[in-house]
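All remarks here apply to the structure that follows.
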Amino acid sequence: MAYIKTIIPFVFLLLSRSGWGQSSITSDSSLSLTNALSLAEKNYHLLKSKLYEVEAAQKNIELSKNTFVPSLDISYQANIATANNITGMFYPSGMIPMTGPVFNSNNYNPGFGTAASLLLNWQPFTFGQRNAQINVSKAEVKTRIADSDNEIFKHKVDIISAYLDVLLTMELVKVSTKNLERTKFDLKQSRVLAISGLRPGVDTALFLSELSKARIDLLNASKYLQTQKIILSELLVSDTSFILADTLFFNKLPVFSLIKEVSLFQHPLLKFSQSQLDLSKSKELLLKKAWLPKLDIWGTTFARGSGIYPDGTIKTADGLGFSKYNYGVGVQIAFPILKYSEIRLQQQQQSFISKSNEELLNQTSLELSKQQAISDATLQSALDVAKETPTQFQSAEYAFRALLIRYNTGLVNFADLIQSQYSLVKAETDLKKSYWEAWKALLFKTAVAGDLNLFLNESK
């Protein structure tokens, strides 16, 4: 559910992922959005980790199927021990069986003994337990794949967000650069006007102060640009020296009417939640099969050697060779009679887990459906604002040029001119941010819909 919490403020904040590795981008190379997404999927360590988890889960299917193959153990032992023995039965757990025939008195003389065996054990029929385990393994693979797809989707959304952030800071650097050039021109004009007596000399000092402010603004914008590039390079697992190739984001707006609706059932997060529910259900079926009996087919050949004879004679060296040979085959069926209560509790536990996963799936579906309406409203509002900002910028630019002419002719003072210049910088900044916010709003809708093509098709 943490992913849903991330989507809600998506327009304003997108989570970053950390990781460093070998770079696939050479210094100052051109980086398009499509290439950035491809590199991120290829290089990012967390995504690689998810893919390895998928491969490990696929191997688990093979392990489940491999239980059909019989086990075959070969063993050999040699020992030296006392000849004492006694008839009767005992529970062998934690005890080593004694060797030798039965004696009326204790005999502590040791003798050699050897044994070798070949034991085959096979479970060809499991009454559905093997198939249930295979189905659990397959469901786990689907869960791992869904988790990987969801992580890839989230990371690509983060990449697009960081890419847009870098593009915006690049535009803001351009705005600061233009403002610096205007201020330099104003300073030059003020000096000429002061010499001619049309403007007071104090205006030159004031323009020098404004020039310093403009330089500081440019330095801060440049620093912020480098920070955003580092964030993007971290997500790409690459070097920080690259040039972004996509420039259309500040030249056009997405067309809201052409954006199609996507079924929420195709959302990677929902598919992941559904796969977790399916995995839990398959575990329930496996537990139901645990109450069924187990059938074992076994076969063995056995050789035994002992230096202790039935009459009490001990010939130690004879125990190093085999003297008796046996074979045997058999079938065993075991039914866990007293395991019923334990298995029943496990089934109840797994049933509650399934119900929990089902409620989480319903909650995820509900939140995503509500977020669709929010994303539509956010995108429509951002587009409306972006359509108004060009007029604001054109008016501010026209007003500044008019006031600059009037200032040069002595009709307005420094305060009026510099205020109009501030308004122009703000209008140009608002213009860039409004386009950026429109594309961010589309990215928000893309994240809610779970389909990157909504964004990528509009950005072509």
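If I go through the range 89-101 residue by residue, how many of them are open to solvent by less than 100 Å² (accessible area, probe 1.4 Å) and at pLDDT below 70?
Quick first cut of the range 89-101, residues open to solvent by less than 100 Å² (accessible area, probe 1.4 Å) only: 92-94, 97, 99-101.
Then drop every residue that is not at pLDDT below 70, which leaves 92-94, 99-100.
Summing the residues that are open to solvent by less than 100 Å² (accessible area, probe 1.4 Å) and at pLDDT below 70 in the range 89-101 gives 5.
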Quick one: how many residues across the range 57-71 are more than 25 Å from Tyr327 (Cα to Cα), in contact (Cβ under 8 Å) with a residue 24 or more places away in the chain and open to solvent by 60 Å² or more (accessible area, probe 1.4 Å)?
3
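Kindly establish whether Ser190 is in contact (Cβ under 8 Å) with a residue 12 or more places away in the chain, part of a helix (DSSP H, G or I) and under 42 Å from the mean Cα position of the chain (by Cα). Steps first, please.
Values: in contact (Cβ under 8 Å) with a residue 12 or more places away in the chain: yes; part of a helix (DSSP H, G or I): yes; under 42 Å from the mean Cα position of the chain (by Cα): no.
No: the conditions fail for Ser190.
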Residues in the range 282-295: is at least one surrounded by fewer than 15 Cβ atoms within 10 Å (Cβ to Cβ), modelled with pLDDT under 90, under 30 Å from Pro390 (Cβ atoms) and of a type outside the set (Asp, Glu)?
no
Of all residues in the range 183-213, count the ones that are polar (S, T, N, Q) and either surrounded by fewer than 16 Cβ atoms within 10 Å (Cβ to Cβ) or closer than 12 Å to Ile418 by Cα (or both).
4
Per-region count, the range 102-147, residues open to solvent by less than 20 Å² (accessible area, probe 1.4 Å), under 52 Å from the mean Cα position of the chain (by Cα) and polar (S, T, N, Q)
2
Identity of the residue in the range 367-381, open to solvent by less than 70 Å² (accessible area, probe 1.4 Å) and without any contact (Cβ under 8 Å) to a residue 60 or more places away in the chain, that ends up nearest to Leu253 (Cα to Cα):
Ala377
Flag if Lys156 is open to solvent by 20 Å² or more (accessible area, probe 1.4 Å), over 26 Å from Lys440 (Cα atoms) and within 21 Å of the chain's Cα centre (by Cα)
no
Out of the range 27-53, which residues are open to solvent by 50 Å² or more (accessible area, probe 1.4 Å) and either assigned to a loop (DSSP other than H, G, I, E, B) or among the hydrophobic types (A, V, I, L, M, F, W, C) (or both)?
Ser27, Asp28, Leu46, Leu51
Out of Ile74, Ile86, which single residue is surrounded by fewer than 13 Cβ atoms within 10 Å (Cβ to Cβ), touching a residue at least 40 places away in the same chain (Cβ under 8 Å) and not hydroxyl-bearing (Ser, Thr, Tyr)?
Ile74
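Where residues in the range 440-460 are over 22 Å from the mean Cα position of the chain (by Cα) and either assigned to a helix (DSSP H, G or I) or not polar (S, T, N, Q) (or both), which of them is surrounded by the most Cβ atoms within 10 Å (Cβ to Cβ)? Spell out the reasoning first.
Going residue by residue through the range 440-460, those that are over 22 Å from the mean Cα position of the chain (by Cα) are 441-442, 457-460.
Keeping just the survivors that are either assigned to a helix (DSSP H, G or I) or not polar (S, T, N, Q) (or both) gives 441-442, 457-458, 460.
Numbers: Ala441: 25, Leu442: 27, Asn457: 13, Glu458: 19, Lys460: 8.
Only one residue tops the list, namely Leu442.
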Name the pairs whose Cβ atoms lie under 9 Å apart, with the first residue in the range 443-457 and without any contact (Cβ under 8 Å) to a residue 60 or more places away in the chain, the second assigned to a helix (DSSP H, G or I) and surrounded by fewer than 18 Cβ atoms within 10 Å (Cβ to Cβ), and 6 or more positions between them or separate chains?
Asn457/Leu258
When the range 403-439 is examined, which residues are found to be open to solvent by 50 Å² or more (accessible area, probe 1.4 Å), farther than 19 Å from Thr391 by Cβ and not acidic (Asp, Glu)?
Ile405, Arg406, Thr409, Leu411, Asn413, Ala415, Gln419
Could you list, in sequence order, all residues of the range 335-366 that are hydrophobic (A, V, I, L, M, F, W, C), open to solvent by less than 80 Å² (accessible area, probe 1.4 Å) and either in contact with a Leu (Cβ under 9 Å, 6 or more places away or on another chain) or closer than 30 Å to Phe444 by Cβ (or both)?
Ile343, Leu360, Leu361
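For the range 316-325, state whether one or more residues are among the β-branched types (Val, Ile, Thr) and modelled with pLDDT of 90 or more. Break it down stepwise before answering.
Start the filter on the range 316-325 by keeping residues that are among the β-branched types (Val, Ile, Thr), which leaves 316.
Checking the rest, the ones that are also modelled with pLDDT of 90 or more come to none.
No, the range 316-325 contains no residue that is among the β-branched types (Val, Ile, Thr) and modelled with pLDDT of 90 or more.
The values are calculated or read from the model by the stated rules, or taken from the named source; none is laboratory data. As the structure is a prediction and not an experimental result, all values here were calculated from the model. All Cβ positions, glycine included, derive from the backbone under ideal geometry; neighbour counts span all protein chains shown. With ligands, DNA and RNA removed, areas are computed over all heavy atoms of the protein, side chains included. Shrake-Rupley method; radii C 1.70, N 1.55, O 1.52, S 1.80 Å.
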